[in-house]
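The values are calculated or read from the model by the stated rules, or taken from the named source; none is laboratory data. Since the structure is predicted, the reported quantities are computational estimates derived from the model, not experimental observations. Please note: Cβ atoms are built from the backbone with ideal geometry, for glycine as well, and neighbour counts cover all protein chains shown. The accessibility values were calculated without ligands, DNA or RNA, using every heavy atom of the protein model including side chains. Shrake-Rupley method; radii C 1.70, N 1.55, O 1.52, S 1.80 Å.
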Amino acid sequence: MSAPRQAAPAPAGYGRVFAVPEFRAVFAAHVLSMLGVIVGEIALSVLVYDLTRSPLLSALTFALGFLPYAVGGALLAPVADGFPARRVLVACDLVCAGCAALMTVPGTGIGLLLALRCALAVVSPVFSGTRMATLADVLGDGDLFVLGRSLLRIVAQSALLVGYGLGGLLLTAVTPRHALLITVGTFLASAALLRCGTRHRPARTRPGTDAPPGPRALFADRRVRVLLLLFWVPAAFSVVPEALAAPYADELGGGSTGLGLLMCALPVGTVAGELFAGARLRPVARERVALPLLCLTLLPYLGYALRPGLAVSLLLLLLSGAGSAYTLGLDQWFVRAVPQELSGRAMTVLSAGLMTVQGIGMALAGVAAQTAGVRAAVAGAGVAGVLCCCGLAVAARATEKGAETREATESRDGAARNMTGR
């Protein structure tokens, strides 16, 4: 008698997630949202500059896209779990569409424009966190979730590569206020897709439950705390070359072409790394390489100390971006560590923290470059980042062993209770 055939392992690759109809709706809504956000950022920045002729206030419109994330993540995180996910997503899109619509009204003052920009940024982490928690409902908490989340990140990175250029071309044909009407339309279309393309699910937590409000419920778990830091700390250091791209391109004599290449290199590396890891590596392999890649991803920044030219600098950024494929392994660990009833606020806090630390990292990069120079600032970020990442990798290993021991103990205790009937 022949031995029974073993089931073939599930294929790797992104194609499987598009077989899920709800994911297609979420993905299309994400593409539209990114388009709207990018067009809106460019149009609003140009509009503020046209009204004030102030470079400071024009730049402030971009900064306001980062700073209120912390407020939204801290205060509004429970909303992601306290209400049905679809209702939260549609409401956030409608609020964003309303804010963008008010920006298009002739005569809207600078103060109101900046306040509306803040409102968009406060709502964004709630929307992002709820969407990621919904992704786990749609795709499960296994490999499909990791691939789906990776695809949304790839869309965001790709949008950075082409969106700003297309947005600039758009403003040569229409006024900034008319361009903002496109943002209104994309948010409304996203709301319609999410309303019609995803099904109703009840809230994850009910009023009167024991779950602490805000992020306290997450930070009480050491494993979750470490995983959040694994997402946040590398992101704070990785933005340094991007923040200093303009003065660095000037030092190299690369002009606007060099600046564009320096701004594109990191996202290109990130997209390439995620695509390779998602399409070619299986879930076990992605988890196995997560911590080694985490420790290596900022190492190329040390090459800035050798005063490289433009070509070598681009190669260093490409390598660093490719190393960010470690996030696919972290995604799986994070969704596994967070209780389902807290997944919405967990993703909200994660999203808010990422944007906040990137804003802080950009600000500190400017301070460091002002005192030590651009190359020293990037190389210093590489040294500090590698040391922090290695320390976090050790902590992650320790919490992983602790979680495995706890699960084994709970499993053994459960078996004993079953045997004794207690």
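Which of the peptides 88-98, 306-316 is most tightly packed, and how do the rest follow, judged by the mean count of other Cβ atoms within 10 Å per residue? Can you show the working numbers first?
Values: 88-98: 21.5, 306-316: 15.6.
For the peptides 88-98, 306-316, the packing ranking is 88-98, 306-316.
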Taking only Cα atoms and a 10 Å spring cutoff, compute GNM fluctuations for the chain and point out the largest among Gln358, Gln157, Gln370.
Gln370
Could you run the Debye sum over the Cα atoms of the stretch 64-188, one equal point scatterer each and no solvent, and tell me log10 of I(q)/I(0) at q = 0.14, 0.20 Å⁻¹, two decimals?
-0.73, -1.29
Cut-off 13 Å between beta-carbons: net charge of the residues surrounding Val123, Lys and Arg +1, Asp and Glu -1:
+1
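Rounded to the nearest 500, what is the chain's calculated 222 nm mean residue ellipticity when only DSSP H runs of at least 4 contribute -39500 (n - 2.57) each, over all residues? It would help to have the intermediate numbers written out before the result.
On the way: 18 runs with 328 residues, N = 422.
Only helices count here, giving -26500 deg cm²/dmol.
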With everything on Cα atoms, drop me the angle between helix 374-420 and the longest principal axis of the chain, reported from 0 to 90° to the nearest 10.
20 degrees
What residue among Gly142, Gly382, Gly273 shows peak mean-square fluctuation when the chain is described by a Gaussian network model with Cα springs under 10 Å?
Gly142
At 7 Å along the Cα-to-beta-carbon direction for both Ser54 and Thr172, put a label point, then send me their distance in nm to one decimal.
3.0 nm
List the residues of the stretch 131-172 whose backbone N lies under 20 Å from a point placed 7 Å from the Cα of Phe219 along the Cα-to-Cβ direction.
none
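So, by mean Cβ neighbours within 10 angstrom, what's the order for 336-348, 169-181 with the highest one leading?
Values: 336-348: 23.7, 169-181: 15.2.
Result, highest mean first: 336-348, 169-181.
Please work out how much length the chain gains when fully extended from Arg201 to Thr371, using 0.36 nm per residue of separation minus the C-alpha to C-alpha distance, in nm with one decimal.
55.9 nm
For the chain, what number results from the quotient of the Cα radius of gyration and 2.2 N^0.38 Å? Let's see the in-between values first.
Numbers: Rg = 22.5 Å, N = 422, 2.2 N^0.38 = 21.9 Å.
So the chain has a normalised radius of gyration of 1.03.
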Counting only heavy atoms of the protein chains, get the accessible area per residue of the chain (1.4 Å probe) and round it to a whole Å² value.
46 Å²
Describe numerically, in nm with one decimal, the distance between label points set 7 Å from Cα along Cα→Cβ at Leu102 and at Val162.
3.3 nm
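Test of understanding: what is the full-extension gain from Ala246 to Arg288, defined as 0.36 nm times their sequence separation minus their Cα-Cα distance? Could you put the intermediate results ahead of the total?
Details: separation 42, 0.36 × 42 = 15.12 nm, distance 3.68 nm.
Gain on extension, Ala246 to Arg288, equals 11.4 nm.
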Cα radius of gyration and Dmax for the stretch 324-375 (Å):
15.8, 47
In whole percent, and with a 1.4 Å probe on the protein chains, what portion of the accessible area of the chain is carbon and sulfur?
68 percent
P(r) of the stretch 266-327 over all Cα-Cα pairs, binned every 5 Å from zero, in whole percent:
4, 20, 26, 23, 13, 8, 4, 1
Pull out the extension gain between Ile110 and Arg307, defined as 0.36 nm times the separation in residues minus the alpha carbon to alpha carbon distance; nm, one decimal.
66.7 nm
Span per principal axis, largest first, for the Cα atoms of the stretch 196-351 (Å):
62, 38, 32
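Relative to the compact globular guide of 2.2 N^0.38 Å, what is the alpha carbon radius of gyration of the stretch 349-395, as a ratio? Display every interim value, and only then the final one.
Details: Rg = 12.4 Å, N = 47, 2.2 N^0.38 = 9.5 Å.
So the Cα radius of gyration is 1.30 times the expected 2.2 N^0.38 Å.
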